[in-house]
Amino acid sequence: MLVYPSNLGVFKVGLRTPEEYLESLKDGREIYYRGKKVSDITTHEVLSAAVKHAMDLFKLQFDPKYKKMLVYNDPEYGEISSFYKIPRNSSDLKDRFKLIYETTRYGRGMFNIIKAIGSDALFGLMIVTKKMDKELGTSYYERVMKYYNYIVKNDLALAVAQTDVKGDRSLRPHQQSDPDLYLRIVKTNEKGIIVRGAKVHTTQAIAANEIIVLPTRAMTEKDKEYALAFAIPANTKGLKLISRPMKAVEEAIKDPSFIMGRMNVENETLTVFDDVFVPWERVFMAGEWPFAGPLAITFPIFHRFTAISYRAAMADLLIGVAKLLAEFNGVDNKSHIRRDVVEVIKYKELLRSTAIASCDLCIIDKLTKIAIPNIIITNVGKLLANENYLNVVKHVIDVAGGLAATAPSLKDFESPEISQYLEKYLVGKKGITAKERIAIFNLLRELISSFGALFGVAMMHAEGSIEASVIELYRSYNYDSNKELALYASGLKKEILPSNNL
Ligand SMILES: Cc1cc2nc3c(=O)[nH]c(=O)nc-3n(C[C@H](O)[C@H](O)[C@H](O)COP(=O)(O)OP(=O)(O)OC[C@H]3O[C@@H](n4cnc5c(N)ncnc54)[C@H](O)[C@@H]3O)c2cc1C
């Protein structure tokens, strides 16, 4: 069995093949699906689909058509995954946008998170621990960099558990009826810490080698034991990964014409830490409560940039479905159909524009020299995606018509008794077979039915809820030049100078 040392010793040095990645998941990790313990994730009838999707990133780094994008030749490490390249300027961020966008397109419009979210977290950790060390005299940055070295050299797959279960949302961690409703330190000794609690919605923890844990919110001094960041291997004793039901895969197993459900899915878990031991070398914050807030918001800047990048690619799929159905149904160019399709184009192009603009207007962190995507533009893009996804789907459904829900299965085309009726009655515009037309309806049905709940909820909440972006925008926006303009226009100020804030 191919394993890697969890004590941050280096094992592989170099890019892993899909087979090496797959083998690394057979490590005794504790996963539950629909109440049953999963003995081997890589062969599980349902969950293995999420692993297969993650494997694509390992496959593509050896594919001549994708290698240039997925592999970075680092002067220090040699060939590494481009996801782990630390961005130093707007051009590096643009490469990252392209990487996330193109790998999502390769995944039929499904984001592939397994290296993106972990690198977002590592960049956030580098920036915040450097500042923390400077102000508090701690030495966390060095630990983060040692851990980063371990991840890069072993080409590991990562999940990030930030969102706590949170109990009563109106209460702070220390005020909850049960102290474990936010993940906390229950014991500290010379070897490390013991943590208890649960995180929720952890994407692809089941398919990750390592799980990085971050605080979900700002903390007060009374929440000190909750100001916590660390990383552990996915097979750590006491870590329990309780999977959500994967409707998209279960449906696709029944109906092979649902391709996405078999090939391109991600999984979320309730991630329970039942008195889990974390050695000090893997602890990046333990009680430094004034820095929980900065870490809780620095990781999401990178992660929301990732969000607008993958959501732009997801929107490509919706444009394609809407335009093909408009053509197949013979309504292409009808005025309201045009407006429907243009609504989806608008959504995609606004996401693409905010992604590119947030690279162009990035800021360089003074201490680490890491390029941070523009916080305002990133959050505007993210908010736009949160608020408009369901509306965009409404426009695609308007173009499609009722067959988006009621079309027969593609399997019916294989039946000698009924295929003739389908071929005769389900045609649209001349030149397109009924089967071709129904294949696109079938895809739309998969997106809005077996993936429907996930996409609807994810597009509103994943990478932070609507309110999280509203708060960030309201707080971070620099109002000086706006107020100055209002004062000038009202006559309260006599002169206006160039704002220099474009
Ligand atoms: C598909 C998916 C994948 C995800 N992947 C990950 C992941 O990989 N890692 C991870 O850490 N997280 C992940 N998340 C979590 C995501 O970031 C959260 O869903 C999001 O932050 C909202 O948190 P919540 O789900 O607990 O909802 P809540 O916080 O309960 O929000 C529900 C509503 O209550 C409001 N609310 C909550 N608290 C307050 C308050 N104190 N005052 C006023 N209003 C409040 C919110 O604004 C929102 O409107 C994922 C989520 C989804 C849906």
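The values are calculated or read from the model by the stated rules, or taken from the named source; none is laboratory data. Fair warning: this is a prediction, and the values are worked out from it, not measured in the lab. Neighbour counts are summed over all protein chains in view; Cβ atoms, including those assigned to glycine, are modelled from backbone coordinates with ideal geometry.
Remark: pairs (first residue in segment 487-502, among the small types (Gly, Ala, Ser); second residue not in a loop (DSSP other than H, G, I, E, B); Cβ separation under 6 Å; 6+ apart in sequence or on different chains) = Ser499/Ser481. Just to check your reading of the model, which residue among Leu454, Leu447 is within 16 Å of the ligand (Cβ to nearest atom) and touching a strand residue (DSSP E or B) at 6+ places or on another chain (Cβ under 9 Å)? Among Leu454, Leu447, only Leu454 is within 16 Å of the ligand (Cβ to nearest atom) and touching a strand residue (DSSP E or B) at 6+ places or on another chain (Cβ under 9 Å). Residues that are touching a Leu at 6+ places or on another chain (Cβ under 9 Å) and farther than 16 Å from Lys323 by Cα within segment 434-446 comprise Ala434, Lys435, listed in sequence order. Just to be sure, is Val144 more than 16 Å from the ligand (Cβ to nearest atom), assigned to a helix (DSSP H, G or I) and among the hydrophobic types (A, V, I, L, M, F, W, C)? Judged against the criteria, Val144 is a match. For first residues located in segment 413-431 and in the same structural domain as Glu327 (by TED's automatic domain parsing) and under 19 Å from Asp255 (Cα atoms), partners that are surrounded by fewer than 17 Cβ atoms within 10 Å (Cβ to Cβ) and among the hydrophobic types (A, V, I, L, M, F, W, C) and lie 6+ apart or on another chain with Cβ distances below 9 Å do not occur.
For the residues Lys240, Lys222, Lys199, Lys254, the requirement of being under 18 Å from Gly124 (Cβ atoms) and in the same structural domain as Gly28 (by TED's automatic domain parsing) singles out Lys199. Restricted to segment 184-220, and to residues there that are among the polar types (S, T, N, Q) and in a strand (DSSP E or B), the residue that is nearest to the ligand (Cβ to nearest atom) is Thr203. In the set (1) modelled with pLDDT of 95 or more; (2) farther than 25 Å from Val342 by Cα, the condition left unmet by Ala400 is number (2). I'd like to know if segment 434-443 contains one or more residues that are surrounded by 15 or more Cβ atoms within 10 Å (Cβ to Cβ), within 16 Å of the ligand (Cβ to nearest atom) and in a helix (DSSP H, G or I). Checked against the condition, which is being surrounded by 15 or more Cβ atoms within 10 Å (Cβ to Cβ), within 16 Å of the ligand (Cβ to nearest atom) and in a helix (DSSP H, G or I), segment 434-443 yields no hits at all.
Quick grid of which residues meet (1) within 21 Å of the chain's Cα centre (by Cα); (2) at pLDDT below 95; (3) assigned by TED's automatic domain parsing to the domain that holds Val165:
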| position | (1), (2), (3) |
| --- | --- |
| Arg282 | no, no, yes |
| Tyr310 | yes, no, no |
| Asn333 | no, yes, no |
| Arg339 | no, no, no |
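Selection of segment 163-179 for residues being in a helix (DSSP H, G or I) and either of a type in the set (Lys, Arg) or within 26 Å of the chain's Cα centre (by Cα) (or both) yields only Pro173. Look at segment 461-481: where a residue is polar (S, T, N, Q) and a partner is more than 15 Å from the ligand (Cβ to nearest atom), sitting 6+ places away or on another chain with Cβ atoms under 6 Å, you get Ser476/Ile375; Ser481/Ser499; Ser481/Asn501. Scanning segment 266-286 for residues that are over 14 Å from Lys187 (Cα atoms), within 16 Å of the ligand (Cβ to nearest atom) and out of contact with any His (no Cβ under 6 Å at 6 or more places or on another chain) yields Glu266, Asn267, Thr269, Leu270, Thr271, Val272, Phe284, Met285. Residue count for segment 101-135 under the criterion of being under 18 Å from Ile301 (Cβ atoms), of a type outside the set (Ser, Thr, Tyr) and away from the ligand (no atom under 15 Å from the Cβ): the result is 7.
Scanning segment 196-208 for residues that are in contact with a Ser or Thr (Cβ under 6 Å, 6 or more places away or on another chain) and surrounded by fewer than 21 Cβ atoms within 10 Å (Cβ to Cβ) yields Val200, His201. When Ile211, Ile193 are checked against the criterion of being surrounded by fewer than 24 Cβ atoms within 10 Å (Cβ to Cβ) and at pLDDT 95 or above, a single residue qualifies: Ile193.
For the structure I just gave you, tell me whether Lys12 is farther than 15 Å from Ala205 by Cβ, modelled with pLDDT under 95 and of a type in the set (D, E, K, R). Judged against the criteria, Lys12 is a match.
Can you pull out every residue in segment 152-170 that is within 13 Å of the ligand (Cβ to nearest atom) and basic (Lys, Arg)? If the condition is that a residue be within 13 Å of the ligand (Cβ to nearest atom) and basic (Lys, Arg), then Lys166, Arg169 are the ones that fit.
Yes/no matrix, rows are residues, columns are (1) in a loop (DSSP other than H, G, I, E, B); (2) closer than 28 Å to Ile466 by Cα:
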residue: Gly293; (1), (2): no, yes
residue: Ile297; (1), (2): no, yes
residue: Ala307; (1), (2): no, yes
residue: Leu318; (1), (2): no, yes
residue: Lys323; (1), (2): no, no
residue: Asp332; (1), (2): yes, no
residue: Glu343; (1), (2): no, yes
residue: Leu367; (1), (2): yes, no
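Of the residues making up segment 257-279, not a single one is within 17 Å of Val46 (Cα to Cα), without any contact (Cβ under 8 Å) to a residue 40 or more places away in the chain and outside the structural domain of Asn379 (by TED's automatic domain parsing). All conditions but one from (1) within 29 Å of Lys366 (Cβ to Cβ); (2) touching a Phe, Trp or Tyr at 6+ places or on another chain (Cβ under 6 Å) apply to Gln162; the one that does not is (2).
Evaluating Ser257 against the criteria (1) closer than 30 Å to Leu350 by Cα; (2) away from the ligand (no atom under 15 Å from the Cβ); (3) hydroxyl-bearing (Ser, Thr, Tyr) leaves one unmet condition, (1).
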